[in-house]
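The values are calculated or read from the model by the stated rules, or taken from the named source; none is laboratory data. These figures come from a predicted structure and were not determined experimentally. Here the Cβ positions follow ideal geometry from the backbone for every residue, glycine too, while neighbour counts run over all protein chains shown. Accessible surface is based on the protein model in full, side chains and every heavy atom, while ligands, DNA and RNA are left aside. Shrake-Rupley method; radii C 1.70, N 1.55, O 1.52, S 1.80 Å.
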Amino acid sequence: MTTSQSLRVSSTKSRQLVILARPSREMSSYSTPILVNTTLNSSSLSRSNHEAITEPGGMHPTRPVDEDDDLTIRPGRKPPQKIPKQHVITNTITSYLSKSDSREEVVSVTINSSPEVSFILHKPLRNRSSLEVNACEAIQDLMDAHEFFKIIKNPQTENYKDVLPFLITRRKRFFKKRLCVVRATLKAMNGEWSTLGTSPSIHEEFSSFSSIACSRFGALPPVDMLIKLSIEIQTCARVNIDAVPMGRLVQIFDRMFEDCHLLLRSRTVAKAAPKSGAAAAKSAMERFLPLSGGVDYLIKFCRNTFPGPEVRYQWTDRGHFEV
(Lines give C-alpha, C1' and ligand atoms only; values in the text may rest on other atoms or scores of the structure.)
Protein backbone atom coordinates (compact mmCIF):
# COMPACT_ATOMS: atom_id res chain seq x y z
CA MET A 1 0.00 0.00 0.00
CA THR A 2 1.38 3.38 -0.99
CA THR A 3 1.64 6.35 1.34
CA SER A 4 -1.23 8.21 -0.40
CA GLN A 5 -3.46 5.11 -0.10
CA SER A 6 -2.69 4.86 3.62
CA LEU A 7 -3.70 8.47 4.13
CA ARG A 8 -7.01 7.90 2.34
CA VAL A 9 -7.81 4.86 4.51
CA SER A 10 -6.94 6.74 7.70
CA SER A 11 -9.07 9.69 6.62
CA THR A 12 -12.04 7.42 5.84
CA LYS A 13 -11.90 5.78 9.29
CA SER A 14 -12.09 9.18 10.99
CA ARG A 15 -15.26 10.15 9.08
CA GLN A 16 -17.78 11.69 11.50
CA LEU A 17 -21.29 13.15 11.56
CA VAL A 18 -21.50 16.86 12.22
CA ILE A 19 -24.73 18.77 12.95
CA LEU A 20 -25.12 22.05 11.10
CA ALA A 21 -27.90 24.57 11.69
CA ARG A 22 -29.74 25.81 8.62
CA PRO A 23 -32.78 28.14 8.75
CA SER A 24 -35.92 26.31 7.66
CA ARG A 25 -38.04 27.72 4.86
CA GLU A 26 -41.21 27.65 6.96
CA MET A 27 -39.98 29.82 9.81
CA SER A 28 -36.78 31.80 9.43
CA SER A 29 -36.49 32.45 13.18
CA TYR A 30 -35.84 28.77 13.92
CA SER A 31 -32.87 26.60 13.02
CA THR A 32 -33.37 23.08 11.67
CA PRO A 33 -30.65 20.52 12.51
CA ILE A 34 -29.20 19.03 9.28
CA LEU A 35 -26.91 15.99 9.38
CA VAL A 36 -23.99 16.42 7.02
CA ASN A 37 -21.30 13.87 6.31
CA THR A 38 -17.84 15.31 6.55
CA THR A 39 -14.29 14.10 6.96
CA LEU A 40 -12.24 15.38 9.86
CA ASN A 41 -8.88 14.15 11.04
CA SER A 42 -7.16 14.94 14.30
CA SER A 43 -4.97 17.64 12.80
CA SER A 44 -7.92 19.52 11.25
CA LEU A 45 -9.83 19.29 14.52
CA SER A 46 -6.88 20.73 16.40
CA ARG A 47 -6.50 23.47 13.81
CA SER A 48 -10.21 24.41 13.93
CA ASN A 49 -10.15 24.54 17.71
CA HIS A 50 -7.15 26.85 17.60
CA GLU A 51 -8.78 29.10 15.02
CA ALA A 52 -11.93 29.37 17.14
CA ILE A 53 -10.06 31.12 19.91
CA THR A 54 -7.82 33.43 17.87
CA GLU A 55 -8.38 36.65 16.01
CA PRO A 56 -8.64 36.50 12.20
CA GLY A 57 -4.92 37.30 11.93
CA GLY A 58 -4.14 34.21 13.96
CA MET A 59 -1.56 35.97 16.10
CA HIS A 60 -3.25 36.83 19.39
CA PRO A 61 -5.86 34.87 21.38
CA THR A 62 -9.22 36.55 21.85
CA ARG A 63 -9.89 37.65 25.45
CA PRO A 64 -13.09 35.96 26.72
CA VAL A 65 -15.86 38.49 27.32
CA ASP A 66 -16.64 38.82 31.01
CA GLU A 67 -20.35 38.26 31.57
CA ASP A 68 -20.68 41.48 33.54
CA ASP A 69 -18.49 43.61 31.24
CA ASP A 70 -20.79 43.85 28.25
CA LEU A 71 -24.20 42.27 27.80
CA THR A 72 -24.77 43.60 24.30
CA ILE A 73 -25.51 40.79 21.85
CA ARG A 74 -23.78 41.62 18.59
CA PRO A 75 -24.48 40.05 15.18
CA GLY A 76 -22.98 36.60 15.54
CA ARG A 77 -20.28 35.05 13.45
CA LYS A 78 -20.35 31.29 13.17
CA PRO A 79 -21.22 29.92 15.65
CA PRO A 80 -23.42 32.68 17.23
CA GLN A 81 -22.05 34.38 20.31
CA LYS A 82 -23.12 32.70 23.53
CA ILE A 83 -25.63 34.75 25.50
CA PRO A 84 -24.35 35.23 29.06
CA LYS A 85 -26.31 33.76 31.98
CA GLN A 86 -29.12 32.39 29.84
CA HIS A 87 -30.55 30.38 32.72
CA VAL A 88 -30.95 33.54 34.84
CA ILE A 89 -32.82 35.29 32.03
CA THR A 90 -35.12 32.38 31.14
CA ASN A 91 -35.85 31.42 34.77
CA THR A 92 -36.78 35.01 35.60
CA ILE A 93 -39.21 35.34 32.69
CA THR A 94 -40.74 31.96 33.54
CA SER A 95 -41.17 33.00 37.17
CA TYR A 96 -43.01 36.19 36.24
CA LEU A 97 -45.24 34.81 33.48
CA SER A 98 -46.21 31.44 35.01
CA LYS A 99 -49.43 31.46 36.99
CA SER A 100 -48.38 28.49 39.13
CA ASP A 101 -45.90 25.60 39.27
CA SER A 102 -48.35 23.15 37.66
CA ARG A 103 -47.25 21.90 34.26
CA GLU A 104 -50.16 23.40 32.34
CA GLU A 105 -49.50 26.85 33.82
CA VAL A 106 -45.72 27.09 33.36
CA VAL A 107 -44.45 29.34 30.58
CA SER A 108 -41.20 27.90 29.25
CA VAL A 109 -38.70 30.30 27.70
CA THR A 110 -35.85 29.85 25.25
CA ILE A 111 -33.59 32.43 23.64
CA ASN A 112 -33.34 32.51 19.87
CA SER A 113 -30.19 34.22 18.60
CA SER A 114 -30.73 34.01 14.84
CA PRO A 115 -31.26 36.16 12.87
CA GLU A 116 -31.84 38.53 15.82
CA VAL A 117 -32.01 37.84 19.54
CA SER A 118 -35.57 37.18 20.70
CA PHE A 119 -37.43 35.28 23.40
CA ILE A 120 -39.53 32.26 22.44
CA LEU A 121 -42.42 31.66 24.86
CA HIS A 122 -44.33 28.42 25.09
CA LYS A 123 -47.25 27.28 27.21
CA PRO A 124 -49.29 24.18 26.31
CA LEU A 125 -52.92 24.78 25.42
CA ARG A 126 -55.11 23.53 28.24
CA ASN A 127 -57.89 22.14 26.04
CA ARG A 128 -57.08 21.68 22.38
CA SER A 129 -60.67 20.71 21.58
CA SER A 130 -62.20 23.92 22.95
CA LEU A 131 -61.46 27.14 21.08
CA GLU A 132 -63.35 29.27 23.62
CA VAL A 133 -61.39 28.03 26.65
CA ASN A 134 -58.07 28.36 24.84
CA ALA A 135 -58.93 31.80 23.44
CA CYS A 136 -59.71 33.34 26.85
CA GLU A 137 -56.60 31.88 28.46
CA ALA A 138 -54.35 32.69 25.51
CA ILE A 139 -55.49 36.30 25.31
CA GLN A 140 -54.78 36.75 29.02
CA ASP A 141 -51.29 35.27 28.54
CA LEU A 142 -50.66 37.63 25.62
CA MET A 143 -51.76 40.63 27.66
CA ASP A 144 -49.62 39.64 30.65
CA ALA A 145 -46.50 39.13 28.54
CA HIS A 146 -47.06 42.46 26.77
CA GLU A 147 -47.48 44.28 30.07
CA PHE A 148 -44.46 42.57 31.68
CA PHE A 149 -42.03 43.37 28.86
CA LYS A 150 -43.44 46.90 28.62
CA ILE A 151 -42.52 47.44 32.29
CA ILE A 152 -39.07 45.91 31.75
CA LYS A 153 -38.31 48.31 28.88
CA ASN A 154 -39.86 51.36 30.54
CA PRO A 155 -37.09 53.97 31.07
CA GLN A 156 -38.62 54.72 34.48
CA THR A 157 -38.06 51.11 35.64
CA GLU A 158 -34.92 51.08 37.78
CA ASN A 159 -34.95 47.66 39.46
CA TYR A 160 -37.10 44.74 40.55
CA LYS A 161 -39.04 46.88 43.04
CA ASP A 162 -40.70 48.61 40.09
CA VAL A 163 -41.79 45.21 38.73
CA LEU A 164 -43.03 43.71 42.01
CA PRO A 165 -46.53 45.25 41.72
CA PHE A 166 -47.02 43.29 38.46
CA LEU A 167 -46.01 40.08 40.21
CA ILE A 168 -48.16 40.67 43.28
CA THR A 169 -51.29 41.59 41.30
CA ARG A 170 -51.03 39.40 38.18
CA ARG A 171 -49.37 36.37 39.80
CA LYS A 172 -50.77 36.50 43.33
CA ARG A 173 -51.38 32.76 43.70
CA PHE A 174 -47.94 31.90 42.38
CA PHE A 175 -46.26 34.47 44.63
CA LYS A 176 -48.16 33.28 47.70
CA LYS A 177 -47.05 29.71 47.05
CA ARG A 178 -43.40 30.71 46.82
CA LEU A 179 -43.75 32.64 50.09
CA CYS A 180 -45.38 29.65 51.75
CA VAL A 181 -42.60 27.26 50.72
CA VAL A 182 -39.87 29.61 51.97
CA ARG A 183 -41.68 30.12 55.27
CA ALA A 184 -42.35 26.38 55.79
CA THR A 185 -38.79 25.24 55.09
CA LEU A 186 -37.30 27.87 57.41
CA LYS A 187 -39.87 27.12 60.11
CA ALA A 188 -38.72 23.49 60.01
CA MET A 189 -35.22 24.77 60.81
CA ASN A 190 -36.30 26.51 64.04
CA GLY A 191 -34.15 25.06 66.81
CA GLU A 192 -31.82 23.35 64.33
CA TRP A 193 -29.38 26.14 63.47
CA SER A 194 -27.27 25.66 66.59
CA THR A 195 -26.66 21.99 65.67
CA LEU A 196 -25.09 22.65 62.26
CA GLY A 197 -21.58 23.54 63.40
CA THR A 198 -21.67 27.17 62.31
CA SER A 199 -18.27 28.86 62.40
CA PRO A 200 -17.73 31.20 65.39
CA SER A 201 -15.92 33.62 63.04
CA ILE A 202 -18.13 35.96 61.08
CA HIS A 203 -15.41 36.30 58.43
CA GLU A 204 -15.41 32.54 57.89
CA GLU A 205 -19.20 32.18 58.00
CA PHE A 206 -20.02 35.06 55.65
CA SER A 207 -16.66 35.42 53.86
CA SER A 208 -16.77 38.55 51.65
CA PHE A 209 -20.20 39.47 53.00
CA SER A 210 -19.02 39.82 56.60
CA SER A 211 -19.14 43.63 56.48
CA ILE A 212 -22.80 43.53 55.44
CA ALA A 213 -23.59 41.04 58.21
CA CYS A 214 -21.81 43.23 60.78
CA SER A 215 -23.65 46.34 59.68
CA ARG A 216 -26.97 44.52 60.05
CA PHE A 217 -26.41 42.62 63.29
CA GLY A 218 -23.39 44.15 64.99
CA ALA A 219 -21.42 41.82 67.25
CA LEU A 220 -23.92 38.94 67.30
CA PRO A 221 -22.35 35.47 66.97
CA PRO A 222 -22.80 34.05 63.43
CA VAL A 223 -25.22 31.34 64.56
CA ASP A 224 -27.46 34.00 66.12
CA MET A 225 -27.30 35.95 62.87
CA LEU A 226 -28.59 32.90 60.99
CA ILE A 227 -31.43 32.47 63.48
CA LYS A 228 -32.35 36.17 63.28
CA LEU A 229 -32.30 36.15 59.46
CA SER A 230 -34.52 33.06 59.42
CA ILE A 231 -37.05 34.64 61.79
CA GLU A 232 -37.14 37.91 59.85
CA ILE A 233 -37.74 36.08 56.56
CA GLN A 234 -40.57 34.04 58.11
CA THR A 235 -42.15 37.22 59.45
CA CYS A 236 -42.06 38.89 56.03
CA ALA A 237 -43.45 35.78 54.35
CA ARG A 238 -46.51 35.80 56.67
CA VAL A 239 -47.72 39.20 55.46
CA ASN A 240 -51.32 39.35 54.26
CA ILE A 241 -50.95 40.45 50.65
CA ASP A 242 -54.65 41.18 50.31
CA ALA A 243 -54.76 43.61 53.25
CA VAL A 244 -51.49 45.57 53.00
CA PRO A 245 -51.04 48.59 50.65
CA MET A 246 -48.82 47.96 47.62
CA GLY A 247 -46.15 50.47 48.67
CA ARG A 248 -45.74 48.75 52.02
CA LEU A 249 -45.67 45.31 50.38
CA VAL A 250 -42.77 46.40 48.16
CA GLN A 251 -40.85 47.55 51.26
CA ILE A 252 -41.52 44.27 53.10
CA PHE A 253 -40.47 42.06 50.22
CA ASP A 254 -37.44 44.20 49.49
CA ARG A 255 -36.21 43.42 53.02
CA MET A 256 -37.13 39.77 52.61
CA PHE A 257 -35.11 39.47 49.40
CA GLU A 258 -32.09 41.09 51.08
CA ASP A 259 -32.35 38.67 54.02
CA CYS A 260 -32.59 35.68 51.69
CA HIS A 261 -29.54 36.84 49.74
CA LEU A 262 -27.50 37.19 52.93
CA LEU A 263 -28.65 33.89 54.42
CA LEU A 264 -27.73 32.08 51.20
CA ARG A 265 -24.23 33.60 51.38
CA SER A 266 -23.55 31.96 54.74
CA ARG A 267 -21.24 28.96 54.64
CA THR A 268 -23.68 26.90 56.71
CA VAL A 269 -26.44 27.21 54.12
CA ALA A 270 -24.20 27.21 51.05
CA LYS A 271 -22.62 23.88 52.07
CA ALA A 272 -25.74 22.27 53.51
CA ALA A 273 -25.82 18.48 53.28
CA PRO A 274 -28.10 17.14 50.53
CA LYS A 275 -31.66 16.30 51.63
CA SER A 276 -31.16 18.15 54.92
CA GLY A 277 -33.49 20.79 56.33
CA ALA A 278 -30.96 23.51 55.51
CA ALA A 279 -30.72 22.24 51.92
CA ALA A 280 -34.51 22.40 51.57
CA ALA A 281 -34.51 25.99 52.84
CA LYS A 282 -31.69 26.84 50.46
CA SER A 283 -33.61 25.41 47.49
CA ALA A 284 -36.77 27.33 48.44
CA MET A 285 -34.90 30.63 48.70
CA GLU A 286 -33.04 30.04 45.44
CA ARG A 287 -36.36 29.56 43.66
CA PHE A 288 -37.65 32.74 45.25
CA LEU A 289 -34.71 34.99 44.38
CA PRO A 290 -35.17 35.15 40.57
CA LEU A 291 -38.10 37.40 41.43
CA SER A 292 -35.59 40.06 42.57
CA GLY A 293 -31.98 39.79 41.40
CA GLY A 294 -33.05 37.97 38.24
CA VAL A 295 -35.25 40.91 37.26
CA ASP A 296 -32.42 43.39 37.77
CA TYR A 297 -30.28 41.31 35.41
CA LEU A 298 -33.13 41.00 32.89
CA ILE A 299 -33.66 44.78 32.85
CA LYS A 300 -29.98 45.35 32.11
CA PHE A 301 -29.90 42.60 29.48
CA CYS A 302 -32.98 43.88 27.61
CA ARG A 303 -31.77 47.47 27.54
CA ASN A 304 -28.43 46.42 26.08
CA THR A 305 -29.89 43.87 23.66
CA PHE A 306 -33.04 45.54 22.33
CA PRO A 307 -32.27 49.16 21.39
CA GLY A 308 -35.84 49.86 20.29
CA PRO A 309 -38.85 50.55 22.52
CA GLU A 310 -39.95 46.91 22.68
CA VAL A 311 -38.56 43.50 23.62
CA ARG A 312 -38.59 41.01 20.74
CA TYR A 313 -40.54 37.90 21.67
CA GLN A 314 -43.06 35.51 20.18
CA TRP A 315 -45.33 32.68 21.28
CA THR A 316 -45.03 29.28 19.64
CA ASP A 317 -48.68 28.33 20.11
CA ARG A 318 -50.62 31.56 20.69
CA GLY A 319 -49.88 33.60 17.59
CA HIS A 320 -53.28 32.86 16.00
CA PHE A 321 -55.01 34.35 19.05
CA GLU A 322 -53.30 37.73 18.63
CA VAL A 323 -55.43 40.63 17.52
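For region 268-282, enumerate the residues that are of a type outside the set (A, V, I, L, M, F, W, C) and closer than 12 Å to Arg183 by Cα.
Lys282
Cβ contacts < 6 Å: first residue free of Cβ contacts under 8 Å to residues at least 12 places away in the same chain, restricted to region 200-215; second residue open to solvent by 40 Å² or more (accessible area, probe 1.4 Å) and assigned to a helix (DSSP H, G or I), any location; separation 6+ or different chain. Result?
If the second residue must be open to solvent by 40 Å² or more (accessible area, probe 1.4 Å) and assigned to a helix (DSSP H, G or I), the pairs left are Ser210/His203.
What residue, among those in region 221-272 that are within 26 Å of the chain's Cα centre (by Cα) and of a type in the set (S, T, N, Q), is farthest from Asn190 (Cα to Cα)?
Among those that are within 26 Å of the chain's Cα centre (by Cα) and of a type in the set (S, T, N, Q), it is Gln251.
Condition first: in a helix (DSSP H, G or I), open to solvent by less than 70 Å² (accessible area, probe 1.4 Å) and of a type outside the set (Ser, Thr, Tyr). Now tell me which residues in region 218-234 satisfy that.
Within region 218-234, Pro222, Val223, Asp224, Met225, Leu226, Ile227, Leu229, Glu232, Ile233, Gln234 qualify.
Would you mind listing the helices (runs of 4 or more DSSP H) fully within region 236-323 where at least 1 residues are modelled with pLDDT under 90 and either surrounded by fewer than 16 Cβ atoms within 10 Å (Cβ to Cβ) or in contact with a helix residue (DSSP H, G or I) (Cβ under 6 Å, 6 or more places away or on another chain) (or both)?
Details: elements: 246-264, 267-270, 277-288, 293-305.
Correct list: 277-288, 293-305.
State yes or no: is Ser215 open to solvent by less than 40 Å² (accessible area, probe 1.4 Å) and part of a helix (DSSP H, G or I)? Spell out the reasoning first.
Details: open to solvent by less than 40 Å² (accessible area, probe 1.4 Å): no; part of a helix (DSSP H, G or I): yes.
Considered against the rule, which asks whether it is open to solvent by less than 40 Å² (accessible area, probe 1.4 Å) and part of a helix (DSSP H, G or I), Ser215 comes out as no.
So that you can scan it fast, the table gives a plain yes or no per residue for (1) of a type in the set (Lys, Arg); (2) open to solvent by 10 Å² or more (accessible area, probe 1.4 Å); (3) closer than 15 Å to Ser292 by Cβ:
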site	(1), (2), (3)
Tyr160	no, yes, yes
Val163	no, no, yes
Arg173	yes, yes, no
Lys176	yes, yes, no
Leu179	no, no, yes
Val182	no, no, yes
Ala188	no, yes, no
Ser194	no, yes, no
Pro200	no, yes, no
